[in-house]
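Contents: one structure, followed by commentary.
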There are 2 protein chains.
Amino acid sequence: MQTNATIKDVAERAGVAVSTVSRVINNLDRVSPETREKVNRAISELGYIRNEMAASIKTGTTRFILTVVPDIINEFYTAVIRGVEARARENGYFTLVYAINEVHSAAELREFGDKLSSLVDGVVWVPSMKKKELDWLAKKPFVQVDRMIPGSKGYSVVVDNYGGACMAMEELVEQGHRKIAYISGKGEFNVDVERFRGYQDVLRQHGIQIREEYICQENWYQETGYTCTEQLLKLKDPPTAIFSGNNQICIGSAEYMIEQGLIIGKDISLVEFDDSLVAKYLGPGITSVEHPTYEMGYMAAKMLIRLLDGEVLEKKNIQMDVRLIKRNSVARVS
Amino acid sequence: MQTNATIKDVAERAGVAVSTVSRVINNLDRVSPETREKVNRAISELGYIRNEMAASIKTGTTRFILTVVPDIINEFYTAVIRGVEARARENGYFTLVYAINEVHSAAELREFGDKLSSLVDGVVWVPSMKKKELDWLAKKPFVQVDRMIPGSKGYSVVVDNYGGACMAMEELVEQGHRKIAYISGKGEFNVDVERFRGYQDVLRQHGIQIREEYICQENWYQETGYTCTEQLLKLKDPPTAIFSGNNQICIGSAEYMIEQGLIIGKDISLVEFDDSLVAKYLGPGITSVEHPTYEMGYMAAKMLIRLLDGEVLEKKNIQMDVRLIKRNSVARVS
C-alpha cells in the first residue's frame, strides 16, 4: 500500500476528475452513488491521506472565516483583510468582512454574534473595543491582529510597536530635533501604550525633557492629526518635529501643514507609524515606520486555520518586525 | 384608539423597557411569556403601528446585508461600503462584506452563494464578472452599484461615466492638448464602454484624429497605469497628456512619470476618473473627475432596504452626477 498517494492518484485510479474526488472527500452533493463508491474504493486501495488543503475542508465546517476590523476606511485594515483572504483562499476558505465602526451597543454586537456564529468557523479580529464587549466572539476560535485586548491571553499577531516608535524618534533626534511632539489616540491597547512608551523612552535616553504640551492624544483618526497639529503649531514655543502615531493622523497633520503653506521636511518635520500610499506620495514623501499589514493578516489566518484543524500552536503570540523607511520629511536642525 | 403611538408609549403602557418591546415585535427569545403577553396587549390597546425602523426589522429577516465588491484594495470600493454601512445602520441592518478578488470559479461562487443566502436578506453589489457567474446572487434581492452587468435589467446606482469622461477630456483640449492618450481596462461594463465613448467623442467633436497607439486598455489596476504609461511615453511621437480611466491606473501612471523625473503638470499632463487621496496629495494634485462613491453605496442600500420592505420602486436605475476637480496636473500647451 502506497501511503503518500495524492488526490490525482486517486482520481486516476477511480477514473474520475480530481474535482470529483474532492467532492466525495468533502461529502458534497452532485456525485452519483456509483462514482462515490469508485472513489472511496480507490482511496482505501491507495491508502490516500488527505493533504492540508483537503483536510481543512472538513465535513461540518462552513469554510467561512470572518475578519472583524474597526473600520474599512483605513488602508491599514484593508491590507490585513487582503492577507487573510490570500491565506484563507489557499486553504479553501471564504473570507467575510465586518467593520465595527464603533457604533454598536453591546446588545447589538451580541445579536450580531449569535446570528453569525452558525455561519463562520473562526474569526480574525483587529480589536477596537473593551473586553466586556467581545463575549460573542469567544464562542468561536479567534486570532487577534495588531491590537490586543488589554489582558488578553488569546492568540495574536502584532508588530513591534515599541521598537518602531523608537526608530521614528531616533531618526528625529539624530537630525538634531529636541522639540518633538507626539499625536496619537489614547487607550489601553498595546498600540496605545507601546508607541507612547517608545516616544518617551527615546526622549529620556537623550536627556530631553518630556513636555506635556507636546503630547496630544485624542483618537486614531485623521481629525485628531489636523486639530492636534493646529494646536501644537500655535504654541508659543512650537515643536520642530511631529511624530504622528498612525497613518490617519499623519494625513490630518500634513493637511494642516500644507494649508498653512509650510513645507514639510523644511519648515516642519514629520514622521509617522504605519506607512501608506499618501505617506509615500505626499509632498516630499513622509518618513514612516513600515507596518507589515498584509503579512499580519496572512499569518493570523494561517494560525486560525491551524487552530480549526485541531492543531496545538506552540507560539500563541507572534510579534513581527517593522522597519523605518526614510524619505524627505525630516529637516536637519542644529 | 391613538394611531400614532410610539414604541416608547407601548413600553410605558406595558411597564417594560423599549428594548423588550423590540424583542417582542421581532419575535426574539429571552422574553418571558408573561411579558410578551403584556407587550402585545399594550400594542393592540394603543393601535401601535411599527415605524420604518421597526418595520424593517421584520420577523424572519436576518438583518444582514451583504456588500460584494471586486476587491478591498481600492478606496473607491471601501467608500461604497461605508455608504452602505451608514444607511444599513439607520435601518437596523448589519453589513457584511465580501471581496470577489477575481479568483473564484463559478462552482465556488455557487457554493458560496448557497451558504450565504440563508444569512443575508439582500445584496448590494459592485459587479466585476460576466453574467453567467451571478446565478447565486439572483436568489436574493440585489442592487448593482457603479458597474452594471451588460444587459442587466435589475436595480442600479451608477454615475454619469460618459459625462465625466467628457469633462476630463474637455479640460485637456481646452488647455491646448491634441495628443491625448487613454488608459483603462477593457470589457463590456458601462464603465468600460461609456468612459471610452467620452474619450473618443470629445476628440471627434474637436476634429482631433483618434490614434490607435494612444489607446492602451488592459485592466483597471495600478500595473496597467504603469506599463501603459511607459509604453505611451516611449512612442516616437508621445502624447502630451494622459487620461487615466480610474484612480488605480492614475497611481500607476504617476508612479512611472515620477520615476522618470517628469514633473506632472509641466512635462506631462494627467487627468483621471474617480478622485482619491493620492490624486489629491500627489505632486501638484491631479485633476480628477469626482465620483460620489459613498453616496452611491448609501443610495443603493436605501433602495435595497425599500425592496426588502416590499415597496415597488418607480425608478429602477439611478444615475448620479460627477464633477471635475481642477488641480494642477494639466499644463497649458500651444
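The values are calculated or read from the model by the stated rules, or taken from the named source; none is laboratory data. Note that the structure is predicted; figures quoted are calculated from it, not measured. Virtual Cβ from ideal backbone geometry, glycine too; neighbours counted across all protein chains shown. Accessible surface areas use protein heavy atoms only, side chains included; no ligands, DNA or RNA. Shrake-Rupley method; radii C 1.70, N 1.55, O 1.52, S 1.80 Å.
What is the protein assembly as shown by shape, rounded, prolate or oblate, if you read a ≥ b ≥ c off the alpha carbon gyration tensor as root eigenvalues and call it rounded for a/c under 1.5, prolate for a/b larger than b/c, and oblate otherwise?
Rounded, because the longest to shortest axis ratio a/c is under 1.5.
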Point to revise | Spacing of the two label points (7 Å from each Cα toward its C-beta) at B:D237 and A:D237, in nm | key: 6.6 nm
Review point. What shape does the range B:150-192 take by its C-alpha gyration tensor, where a ≥ b ≥ c are the square roots of the eigenvalues and a/c under 1.5 counts as rounded, a/b above b/c as prolate, and the rest as oblate?
Key: oblate
Practice item. Using just the alpha carbons, could you tell me how many Å³ per residue the convex hull of chain A encloses? Key: 157 Å³
Review point. Between copies, how far does the label point of A:E311 sit from its twins, in nm, shortest first, when each point is 7 Å from Cα along Cα→Cβ?
Key: 5.1
Practice item. Straight distance only, please: which aspartates and glutamates reach the Cα of A:K234 with their own Cα at less than 16 Å, same-chain residues fewer than 8 apart left out? Key: A:E212, A:E213, A:E255, A:E259, A:D267
Check your understanding: A:E170 to A:R332: FRET efficiency via 1/(1 + (r/R0)^6), r the Cβ-Cβ distance, R0 25 Å, to the nearest 0.05?
Key -> 0.95
**Study point:** For A:G285, inter-copy label distances in nm, listed shortest first [label point 7 Å out on the Cα-Cβ vector]
**Key:** 2.4
Study note, to complete from the structure: Here the residues of the range A:160-183 lying in the modelled label zone of A:R211, meaning backbone nitrogen under 16 Å from a point 7 Å along Cα-to-Cβ, are A:173, A:176-183
Check your understanding: Can you give the angle from 0 to 90° between the axis of helix B:190-205 and the longest principal axis of chain B, with both taken from C-alpha atoms, to the nearest 10?
Key -> 40 degrees
Point to revise | Residue-span extension gain [B:E90 to B:N40] - 0.36 nm each, minus C-alpha spacing | key: 15.5 nm
Check your understanding: For the charge dipole of the protein assembly as shown, defined by +1 on Lys and Arg C-beta atoms and -1 on Asp and Glu C-beta atoms about the Cα centroid, which residue among B:G225, A:V16, B:V126 has the Cα displaced farthest towards the positive pole?
Key -> A:V16
Review point. If you line up the long axis of helix B:293-308 against the longest principal axis of chain B, both from Cα atoms, how many degrees apart are they, to the nearest 10?
Key: 40 degrees
Check your understanding: Of B:M299, A:V333, A:G283, whose Cα points farthest to the positive end of the dipole of the protein assembly as shown (charges on the beta-carbon: +1 Lys, Arg; -1 Asp, Glu; origin at the Cα centre)?
Key -> B:M299
Point to revise | Relative contact order computed over the range B:155-286 (Cα-Cα under 8 Å; 6+ residues apart), in percent | key: 26 percent
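In percent, what relative contact order does chain B have, based on Cα pairs under 8 Å that are 6 or more apart in sequence?
On the way: 646 pairs, mean separation 60.7, N = 334.
Contact order relative to length: 18 percent.
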Study note, to complete from the structure: antiparallel share of DSSP beta bridges within chain A, to nearest 5, in %, is 10 percent
Point to revise | chain A - Cys residues lacking any other Cys C-beta under 4.7 Å | key: A:C166, A:C250
Exercise for review: Place the label 7 angstrom along Cα→C-beta at A:S105 and in each other copy, then list the distances from the first to the rest in nm, shortest first.
Suggested key: 4.7
Review point. So, with +1 on the Cβ of K and R and -1 on the Cβ of D and E, and no other charges, what is the size of the charge dipole of the protein assembly as shown about its Cα centre, to the nearest 20 debye?
Key: 1080 debye
Review point. Any idea how many Lys pairs in the range B:99-231 come in under 23 angstrom at the alpha carbon, given 8 or more places apart or on separate chains?
Key: 19
Study note, to complete from the structure: Computed for the range B:272-334: size of charge dipole around the Cα centre, +1 on C-beta of each Lys and Arg, -1 on C-beta of each Asp and Glu, debye to nearest 20, value 280 debye
Exercise for review: Answer with one residue from A:T35, A:G176, A:L313: the one whose Cα lies farthest towards the positive end of the charge dipole of chain A, charges on Cβ with Lys, Arg +1 and Asp, Glu -1.
Suggested key: A:T35
Study note, to complete from the structure: Chain B to chain A by rotation: the residue of B with the beta carbon nearest the axis and the rounded distance in Å are B:V97, 2
Exercise for review: May I ask you to give the percent of accessible area on the protein assembly as shown that is carbon plus sulfur, with a probe radius of 1.4 Å?
Suggested key: 49 percent
Practice item. Output the antiparallel fraction of DSSP beta bridges having both residues in the protein assembly as shown, as a percent to the nearest 5. Key: 10 percent
**Study point:** Accessible surface buried upon B-A contact (total; probe 1.4 Å; Å², nearest 100)
**Key:** 3400 Å²
Check your understanding: If you take the Cα Rg of the range A:100-231 and divide it by 2.2 N^0.38 Å, with N the number of residues, what do you get?
Key -> 1.29
Revision key, fill the gap. The range B:240-331: Kirkwood hydrodynamic radius (Cα pairs, Å) comes out at 14.8 Å
Practice item. Distance between Cα centroids, the range B:279-334 to the range B:82-113: provide it in whole Å. Key: 20 Å
Practice item. Label the range A:213-264 by shape, choosing from rounded, prolate and oblate, from the square roots a ≥ b ≥ c of the eigenvalues of the Cα gyration tensor; if a/c is under 1.5 it is rounded, and otherwise prolate applies when a/b is larger than b/c, oblate when it is not. Key: oblate
Check your understanding: Can you give the average number of partner chain beta-carbon atoms within 10 Å of each beta-carbon in peptide B:277-284, as a whole number?
Key -> 5
Check your understanding: If r is the Cβ-Cβ distance from B:E12 to B:K315 and R0 is 51 Å, what FRET efficiency results, to the nearest 0.05?
Key -> 0.80
Exercise for review: Mind checking the per residue accessible area of the protein assembly as shown for me, 1.4 Å probe, whole number of Å²?
Suggested key: 43 Å²
